[in-house]
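The structure appears below as structure tokens.
Values in this text are rule-based calculations from the coordinates and carry no lab data. On a predicted model such as this, the values are computed, not experimentally measured, just so you know. FYI the Cβ positions are ideal-geometry reconstructions off the backbone, even for glycines, and counts take in every protein chain you see.
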Amino acid sequence: MNNKHLYMEDSSVLDFDILIFEKHELIIGGLVNMIHKIGFHGRLDVVPNEANVGVIMSRYNSELIIIGIHNADSAEMRVIEGIIKTYLNANIILAGYFADISQQEKYKAMGAKGFISYGILLAALEQVLLTVRSGETYFEFLDGNKKKENVTENVIIDVELDTLDFIIIRERQNGLTAEEISNLPEITIGIDAIKARTLKWRDAYHVASTMQAIKIMKDRGLLGGMEG
């Protein structure tokens, strides 16, 4: 990659059309929110899947296309590969969970112009969008970008919470341990299941403690429906 500094004062660099193919609402909400946070003020369209892709692509004629990946070895991936090969001149960025260097090399060989992980930082997201729009490629481990960005509170994907999660979160904030929570009358799962849930939160936000994960969820407005 030749141009590593595309942060321009002219706001027009963030005024263009983006089309997103993504079927998961949580990811859509997080990604759209992050794109607007970096100052993007162009047209942003979201469609839930790649059906009738020819009609969709011609209708929107977007400068950047972001396609979500949820299983790199599935029929879904073959559809995505077909889109990339059909629209060789399109600036297509793939988005998904962490992809190592060999996987990103495959994406690049397919003709994709960049990759966005669901843990990307705001500054890195801006760099990917501007770099790919300029006609270059941007992959996390390729093109000279060897250092993996650390996930922060700006992580795109959010965890899904149910009533039991809210109870666990509330009681963890009250100082109870997983074992103590498992003995509460309103809890219908065992201690191992409780620990599995809290581990999922920590893994989602790449933090070491459950309380750190809860703070991120609170900061992101995910706990607004909790009582008590």
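Structure notes:
- Figure legend. Inter-residue proximity from the stretch 102-117: first residues hydrophobic (A, V, I, L, M, F, W, C), second residues surrounded by fewer than 17 Cβ atoms within 10 Å (Cβ to Cβ), beta-carbon distance below 8 Å, spacing 6+ or different chains. Indicated pairs: MET110/GLU81; MET110/LYS85.
- When residues of the stretch 58-100 are limited to those that are surrounded by fewer than 15 Cβ atoms within 10 Å (Cβ to Cβ) and within 18 Å of LEU125 (Cα to Cα), the one farthest from the chain's Cα centre (by Cα): ASP100
- Taken together, the residues in the stretch 172-182 that are more than 17 Å from GLN212 (Cβ to Cβ), of a type in the set (D, E, K, R) and in contact (Cβ under 8 Å) with a residue 12 or more places away in the chain amount to 1.
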